[in-house]
Amino acid sequence: MSIPKYSARWPLYAKQWDRMARTRMSSEIAVAKKILKYKARYQAIEKRTGVPWHFIAPIHYRESDLDFTTQLAQGDPLGRVSTHVPRGQGPYYGPDAWERAALIALEDTGATKVKDWRLEKMIYHWEQYNGWGYYNHSVPSPYVWGGTTIQKPGKYVADGKWSPTAVDQQLGCAAILKSLMELDPTIKPARETPAGYVAPQPPPERPGLMARIAGYFSRG
């Protein structure tokens, strides 16, 4: 399976985010409001890992509809060994079981090693968290873009089982983040470039002295 580099992906993510429109606004706002009720719990994980809480919360929604009795990695019950990918994790017991499972999930996916959490980097690592299967099918990942105008048909209906016509009905992480940003003005992820930024074109180079001399003598 091909795994793209961040440097090759972020320009596309930036364009997709800038032109994205949410298609299920009431549901997206409702999920964001529910997430904000648990903000302190997500922030506690951020303090221990450096991973932004508003990166973690949409994953929690995607994996288990914000159920704190399940593993962040794949949504399987905390008290059992996971049977969905990633398999073999757990069981986790005790009052901090969800937190311990979340720490392991974030470490295993490399999120705890990420520096400089920009918006485009969050999108990249959401897609990586879910896997690069959609990328290899040339379909925008619904894990990221579900519930937006970026979403296209195509879905893994089970681990490793692809349907080109199925449509993911869950909301995507990008739609949830956008709704969170509207409700919580403290969420201000930096951008690789400002929205709508177009790099200026360098001025035309003036020919050097020798080139000007050569041009003079070449004239008829």
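The values are calculated or read from the model by the stated rules, or taken from the named source; none is laboratory data. All values reported here derive from a predicted model rather than from experimental measurement. Reconstructed Cβ throughout: ideal geometry from the backbone, glycine too, with neighbour counts over all protein chains shown. The protein model used for the area step is the full one, side chains on, heavy atoms only, and it has no ligands, DNA or RNA in it. Shrake-Rupley method; radii C 1.70, N 1.55, O 1.52, S 1.80 Å.
Database remark: amide H of Tyr156 closer than 5 angstrom to the amide H of Ser163 (H placed geometrically; neighbours at sequence offset of 5 or more, or on other chains; Pro and chain starts carry no H). Close amide H pairs (under 5 Å, H built 1.01 Å from N) link Thr70 with Leu78, residues at least 5 positions away or on another chain.
Expressed as a whole percentage, what fraction of the accessible surface of segment 92-174 belongs to carbon and sulfur atoms when a 1.4 Å probe is rolled over the protein heavy atoms?
Working: 1830 of 3570 Å².
Whole-percent figure for carbon plus sulfur exposure: 51.
When every Cα-Cα distance of segment 70-120 is counted in 5 angstrom steps from zero, the calculated P(r) takes the values 5, 22, 28, 19, 12, 8, 6, 0 percent.
Rolling a 1.4 Å probe over the protein heavy atoms gives the chain an accessible area of 55 Å² per residue.
May I ask for the angle, rounded to the nearest 10°, between helix 173-183 and the longest principal axis of the chain, with both axes built from Cα atoms and the value confined to 0 to 90°? Taking the Cα atoms of the chain, the angle to 173-183 is about 90 degrees. In this view, the solvent-accessible surface of Leu119, computed with a 1.4 Å probe and all protein chains in place, comes to about 0 Å².
Peptide packing: for 182-192, 7-17, the average count of neighbouring Cβ atoms within 10 Å per residue gives the ranking 7-17, 182-192, highest mean first. Would you please state the base-10 log of I(q)/I(0) at q = 0.14, 0.22 1/Å for segment 84-183, with intensities from the Debye formula using one equal scatterer on every alpha carbon? Each listed q corresponds, in turn, to -0.65, -1.23.
Taking 0.36 nm per residue of separation and subtracting the Cα-Cα distance, what length does fully extending Ala166 through Ser27 add? Walk me through the numbers on the way to the answer.
Working: separation 139, 0.36 × 139 = 50.04 nm, distance 2.03 nm.
In short, 48.0 nm is gained.
So how do Met25, Met20 rank on accessible area, 1.4 Å probe, biggest first, that is with the largest at the start?
Details: Met25 85, Met20 25 Å².
I get Met25, Met20, largest accessible area first.
Computed from phi, the 3J(HN,Hα) profile of segment 49-62 under the Karplus parametrisation 6.51, -1.76, 1.60 (θ = phi - 60°) reads 10, x, 7, x, 4, 7, 8, 5, 4, x, 4, 4, 5, 4 Hz, with x in place of Gly and Pro. When Cα extents along the principal axes in Å is computed from the coordinates, the matching label among [x] 72, 55, 32; [y] 88, 38, 34; [z] 46, 37, 28 is [y].
Send over the semi-axes of segment 139-183's equivalent ellipsoid, whole angstrom and largest first, taken as the square roots of 5 times the C-alpha gyration tensor eigenvalues. Spell out each step's value before the answer.
Numbers: eigenvalues 100, 18, 9 Å².
The equivalent ellipsoid of segment 139-183 has semi-axes of 22, 10, 7 Å.
Taking the Cα centre of the chain as origin and assigning +1 to Lys and Arg Cβ atoms and -1 to Asp and Glu Cβ atoms, the resulting dipole is close to 660 debye.
Compared with the dominant Cα axis of the chain, that is its longest principal axis, helix 209-218 is turned about 50°.
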